[in-house]
Amino acid sequence: MPIQTQGSVRALALVGPTSAGKTTLMEALLLATGATHARAGGGGEMVGDSSPEARARGHSVELNLAGFEFMGDRFAIIDCPGSLEFCGDVDAALPAADLAIVVAEPDPAKAQLLQPTLRELERLGVPHALFINKMDQARGSLQELLDALAPVSAAPLVARQIPTWEGEHVTGFIDLALERAFVYRPGEPAQVEIPEDLKDAEAEARFHMLEQIADFDDELLEQLLSDVTPSRDAVFADLVREMQDGLIVPVFFGSASNGFGVQRLLKALRHEAPLPDRAAERLGVEKGAYVLKAAYAGQSGKLAYARVFGQKLDDGAELVLPGGERCRAAGLFAVQGANLKKTPQAAVGDVVAVGKVEQAAAGQILSLTGEPQLLKQAVRPRRPLFAVALAAKNRKDDVRLSGALSKLIEEDPGLSLTHDAEARQVLLAGQGEGHLRLALERLKRRFGVEIDTADPKTAYRETIQRGVTHRARHKKQSGGHGQFADVTIEVRPLPRGSGFQFASKIVGGAVPKQWVPAVEQGVRDGLARGPLGFPVTDLEVTLTDGQTHSVDSSEMAFRTVGRVAIEEALKACGSVLLEPIEKLTVYSPSPSASNVTSALTARRGQILGLAPREDWRGWERIEAYLPQSERQHLIAELRGLTQGLGAFEADFDHMSELTGRLAEEASRGAQRAEPA
């Protein structure tokens with residue numbers, strides 16, 4: 001790994017649930033450091049959430065990127081959307097952060113909301129700290145809040161501060177590492193003497209903090225057991241090392257909207273945030289730019305928003321993609337929200353936009369070594385949870401729609417596009433209904449394409465109840481050579497999941513060998529749409545006899561008679577509708593698990609089992625069979641039952657017989673959709 005160069009930029013990821021105040025904290029950091037000059041919402045212009053879609057929703061729907069300088073140190077901010085709907089935009093960016101600041105509200109009832117974020121940071125090995133926001137609205141004790149938060153973190157939460165109160169309002173804090181008290185004031189907090197009535201509480205809280213960090217430092221533990229007061233430098237060194245190694249999660253608090261606690265957080269970040277070489281080693285980047293996100297920016301074309309590692313990146317530098325393709329950085333831009341400013345060079349650790357790297361994608365390394373570089377661990381793709389079938393309202397927009405969808409999917413890895421040839425549908429899939437609504441809004445605003453949507457069609461099948469033997473003849477004479485073919489077939493049902501099998505027992509050349517494949521193809525043609533309107537499966541067709549004509553028999557005639565034979569035979573076999581059944585693994589907080597199982601049962605689900613989710617305290621793992629037709633809109637209901645936290649994985653498992661009203665409705669729908 002390269003030696004850390006002087007003047008490098010450290011990257012902070014702001015993460016946490018929607019409404020915790022991540023973007024507000026970013027704006028407060030920018031204001032406190034002079035990167036902006038007026039408070040957002042008080043006449044100042046916000047740097048984050050600049051897109052119309054984010055403004056309309058009142059929360060982030062994509063990454064916000066910005067930077068600031070504080071006391072000679074430079075920082076880049078990666079402000080991440082909090083909703084699981086938009087997690088695809090976060091997956092590639094989060095591993096590149098030096099430190100994640102998890103923003104939370106001071107409400108013990110909302111502690112559970114942090115668990116998905118904390119589990120992901122722990123999986124990635126990204127050091128993180130907790131910032132309890134909105135402390136001006138806090139009610140109740142800090143200990144009650146920490147007790148509620150402790151179970152959701154694998155590493156111990158170490159309170160770095162305790163609040164001071166005046167009546168029911170937080171008016172300041174005591175810094176336990178510095179042993180100093182501060183009163184909230186606009187801008188820089190004012191230092192005051194620790195109030196006499198809080199000295200015992202401060203001493204107790206500080207000793208508890210020292211006990212926590214002593215669990216990872218034998219020398220400090222020995223000092224505490226011997227009643228030796230450790231030096232302040234030793235305490236700070238332990239706090240820094242243990243946070244950077246992921247052994248502890250320090251807890252700060254304040255109110256971003258008022259600027260309270262922001263200066264102390266900045267000073268902690270300045271001394272304690274890791275340098276970029278740790279993130280570079282974690283990713284496996286030697287020298288290059290790691291792509292956080294790709295996006296199209298009007299006339300600027302495609303931009304790769306990337307973090308620079310190992311050495312400075314110059315405008316015009318040659319870059320090598322993972323596949324070996326070479327390109328040049330055709331323009332470097334400093335990023336401050338929606339504003340881009342041309343820059344000739346990017347420092348180590350900085351986040352910049354790189355122009356005209358058309359093949360770059362999120363989660364890739366643009367190598368500066370002259371050779372391709374691959375990540376140590378590839379970004380884990382998100383499985384889609386919700387899909388819609390879409391088509392341009394105006395047919396003349398079809399070509400434009402195709403290009404627009406390609407760009408959207410490049411920008412947002414949480415989206416995927418598939419073509420269902422059987423259903424004749426183009427399916428756009430994503431992480432939830434809100435996610436796809438956002439994509440459709442962008443299609444209209446940015447590309448001028450209006451869309452009609454429909455639910456995806458369910459891949460029903462049909463099978464037979466009994467076997468038959470059937471003879472069919474195809475004879476057509478219209479002058480010249482005619483068409484003649486005669487076959488006898490045996491049809492019998494097979495066990496579920498067997499598919500279609502074809503056999504020939506022709507002897508004596510009743511059907512010449514070269515035309516037996518044509519009969520099979522004709523049978524396959526006939527099975528494409530059975531009496532109920534769906535493809536037929538789980539049966540065996542055996543060709544047992546036939547007749548030919550020396551002049552009029554042909555491959556086409558035998559293909560035609562094969563189709564006629566199976567279509568006529570199926571009418572006597574008794575059709576049964578089959579529906580696809582998926583196996584779902586649903587993840588839910590424990591308090592919501594009973595409501596989730598009830599919701600699955602109401603959708604004709606069969607619960608297979610319920611057990612604690614591995615390594616997730618207070619969560620359940622529910623396994624169930626669910627008809628594919630019932631999965632549409634499940635994610636919206638699931639998240640409504642779980643404070644937005646629930647998720648599932650679905651895989652096809654088997655086909656099951658469907659009868660009654662639902663079968664009749666499915667068949668009528670297929671008959672109505674029958675092509676002319």
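The values are calculated or read from the model by the stated rules, or taken from the named source; none is laboratory data. Since we're looking at a predicted model, the values are computed, not measured. Reconstructed Cβ throughout: ideal geometry from the backbone, glycine too, with neighbour counts over all protein chains shown.
Things to note:
- In the stretch 287-309, residue surrounded by the fewest Cβ atoms within 10 Å (Cβ to Cβ) [restricted to those that are more than 20 Å from V61 (Cα to Cα) and either modelled with pLDDT of 95 or more or of a type in the set (A, V, I, L, M) (or both)]: K287
- Restricting the stretch 118-177 to residues that are at positive phi and surrounded by fewer than 21 Cβ atoms within 10 Å (Cβ to Cβ), the residue that is modelled with the highest pLDDT is G125.
- Unmet requirement for A155, which otherwise passes all of (1) part of a strand (DSSP E or B); (2) within 22 Å of V102 (Cα to Cα); (3) in contact with a helix residue (DSSP H, G or I) (Cβ under 8 Å, 6 or more places away or on another chain): (1)
- Checking G363 against (1) surrounded by 13 or more Cβ atoms within 10 Å (Cβ to Cβ); (2) in contact (Cβ under 8 Å) with a residue 12 or more places away in the chain; (3) farther than 23 Å from A329 by Cβ; (4) not charged (D, E, K, R), the condition it does not meet: (3)
- Matching residues, the stretch 244-295, being among the small types (G, A, S) and assigned to a helix (DSSP H, G or I): A268, A279, A280
- Options R524, R559; residue that is basic (K, R), part of a helix (DSSP H, G or I) and buried (at least 19 other Cβ atoms within 10 Å of the Cβ): R559
- Yes/no for A306 being in contact (Cβ under 8 Å) with a residue 60 or more places away in the chain, closer than 24 Å to L99 by Cβ and part of a strand (DSSP E or B): yes
- Exclusive hit being of a type outside the set (V, I, T), closer than 19 Å to L25 by Cβ and free of Cβ contacts under 8 Å to residues at least 24 places away in the same chain, set G172, G254: G172
- Matching residues in the stretch 178-201 - criterion: being acidic (D, E) and either in contact with a helix residue (DSSP H, G or I) (Cβ under 9 Å, 6 or more places away or on another chain) or under 21 Å from V240 (Cα atoms) (or both): E179, E188
- When the stretch 289-309 is filtered for residues that are within 16 Å of G414 (Cα to Cα) and touching an Asp or Glu at 6+ places or on another chain (Cβ under 6 Å), the ones remaining, listed by number, are A294, A295.
- Members of the stretch 617-641 that are buried (at least 17 other Cβ atoms within 10 Å of the Cβ) and farther than 27 Å from A389 by Cβ: W619, E620, I622
- When the stretch 327-338 is limited to residues that are in contact with a Gly (Cβ under 9 Å, 6 or more places away or on another chain) and outside any loop (DSSP other than H, G, I, E, B), the one that is surrounded by the most Cβ atoms within 10 Å (Cβ to Cβ) turns out to be L332.
- From G349, G316, residue being crowded, with 23+ Cβ neighbours inside 10 Å, in a loop (DSSP other than H, G, I, E, B) and not charged (D, E, K, R): G349
- Selection status of S498, surrounded by fewer than 19 Cβ atoms within 10 Å (Cβ to Cβ) and either more than 51 Å from the chain's Cα centre (by Cα) or outside any loop (DSSP other than H, G, I, E, B) (or both): no
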